[in-house]
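See below for the structure under consideration.
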Amino acid sequence: MRTRVYSLLSIICGASLFGSCVTGGSTGKPIVLGDTSTIVTETDSAYLKDFVEDIKPSSASSAPPADSSTTPMASTLAPDTAAKQPTQPEQPVAKTEKEETEKEEVSVGEEGLAIVFKNVSVVIPGIKARSGSSQKAISNAASVTYQLTRGTLNNKQIKVSGGTVESISQKVQSVIEVRNNLGTLELSNLTATSGWEKLRGGKNAYTISALTASQLPEPRISPSSLRSAVSRAAKAQRMKKAKEQQWLAAIKNVRRADQKPLRLSMKSVTWKIDGKDASGKRYSKQVRMDI
């Protein structure tokens, strides 16, 4: 049965194909290559329209596209910004209050230290020093403190102007130091201070004296106070325990302040200036110099 169905389908398909060939052949003769009479030319413009754009090759002489990375910057700027602006002169920078204060703190010149109070001026030639106070503060102060930065004090003169000096007195503070191959260790709690002693001089000029090591006041010490002072100084410097023990061993047999490796040094000196200013008003000024 299946064979008959297949045979029937084959006959129907073959008849259909044969019919299409016969129908197609009735429209005209087959096209023969090289025979112009068999070529069919389309005349309808609707079917002759080309939907593909023509390729237009660029001319070999045309300039290549500009590279934005190599384009000069001036070409992208407006004329007023591309042009080189004239250099403006630098304006002087105003000094801060701190800078002005620091300038006033060191009132030191070629002649030495000059201290200008409101009613009297004091000059110590041949030294340089600095103060943490401004000139305005110094002017109205009864006492000032300086740190010696250059020069020595012994045998220097204190010169006062702006009135009449009645007396200049001096007191000295000394401190014990330990000096050896380990370095220098100041024992700040082993100090001594002298009493007020008048300096020699006149006509507003007085001579600084009695500042040599042998003339300094000597602190009282004991083995226990010495060890305590060394330990305190070591802790202040955050010294390692091993090094602290080396310092303690260095002063083990010391009994006097003038015994090695101890050394007596001047820590500070203070002068008290008493007198009358130009108007006859009494004044008393103190100047302390830390060493």
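Given R₀ = 45 Å, FRET efficiency for Ser222-Gln157 by Cβ-Cβ distance, to 0.05? Don't skip to the answer; put the middle values down first.
Numbers: r = 40 Å, r/R0 = 0.88.
Calculated value: 0.70.
At 0.36 nm per residue, and after removing the present C-alpha to C-alpha distance, how many nm does the segment from Lys118 to Thr164 gain when stretched out fully?
This chain segment gains 15.1 nm when fully extended.
How many Å³ per residue does the convex hull of the Cα positions in the range 133-254 occupy? Don't skip to the answer; put the middle values down first.
Numbers: hull volume 19.2 nm³, N = 122.
Measuring per residue, one finds 157 Å³ for the Cα hull of the range 133-254.
For Thr270, what charge total do you get from the other residues with a beta carbon under 12 Å from its beta carbon, if Lys and Arg give +1 and Asp and Glu give -1?
Cβ neighbours under 12 Å give a net charge of +3.
Determine the gain in length on full extension of the stretch Arg179-Ala278; use 0.36 nm per residue of separation and subtract their C-alpha separation, reporting nm with one decimal.
30.8 nm
Can you check how the C-alpha radius of gyration of the range 243-291 compares to 2.2 N^0.38 Å, as a plain ratio? Mind dumping the intermediate values first?
Values: Rg = 20.9 Å, N = 49, 2.2 N^0.38 = 9.7 Å.
Taking the Cα Rg and dividing by 2.2 N^0.38 Å, one obtains 2.17.
With a 10 Å radius around each residue's Cβ, average the other Cβ atoms per peptide and rank 118-124, 151-157, highest first.
Details: 118-124: 18.4, 151-157: 15.0.
Descending packing order for the listed peptides: 118-124, 151-157.
Taking the Cβ of Ser169 as the centre, find all other residues whose Cβ is under 9 Å away and add up their charges (Lys, Arg: +1; Asp, Glu: -1). All intermediate terms of the calculation are to be shown ahead of the outcome.
Numbers: positive: Lys171, Lys198, Lys272; negative: Glu197, Asp274.
Net local charge, Ser169 excluded: +1.
By per-residue mean of other Cβ atoms within 10 Å, what is the highest-first order of 219-226, 262-269?
Details: 219-226: 14.0, 262-269: 19.1.
The densest-packed peptide leads the list: 262-269, 219-226.
Kindly flag which residue pairs out of Lys198/Lys285; Lys156/Lys281; Lys171/Lys267; Lys118/Lys272; Lys171/Lys235; Lys203/Lys267 have an alpha-carbon separation exceeding 19 Å in this structure.
Details: Lys198/Lys285 14 Å; Lys156/Lys281 28 Å; Lys171/Lys267 11 Å; Lys118/Lys272 16 Å; Lys171/Lys235 30 Å; Lys203/Lys267 29 Å.
Checking Cα-Cα distances, Lys156/Lys281; Lys171/Lys235; Lys203/Lys267 exceed 19 Å.
With +1 assigned to the C-beta of every Lys and Arg and -1 to the C-beta of every Asp and Glu, and no other charges, what is the dipole magnitude of the range 97-290 about the Cα centre in debye, to the nearest 20?
840 debye
Restricting attention to the range 174-275, which chymotrypsin sites (Phe, Trp or Tyr not before Pro) occupy a DSSP loop and are surrounded by at most 13 other Cβ atoms within 10 Å? If you can, show how the numbers build up before the last one.
On the way: sites: Trp196, Tyr206, Trp247, Trp271; in loops: Trp196.
The qualifying sites are Trp196.
Every read-out reported here was derived from the displayed coordinates using simple, explicitly stated rules and does not represent laboratory data. Computed from a prediction, not measured in an experiment: that's the story for all the values here. Note that we place each Cβ from the backbone using ideal geometry, even for glycine, and neighbour counts take in every protein chain shown.
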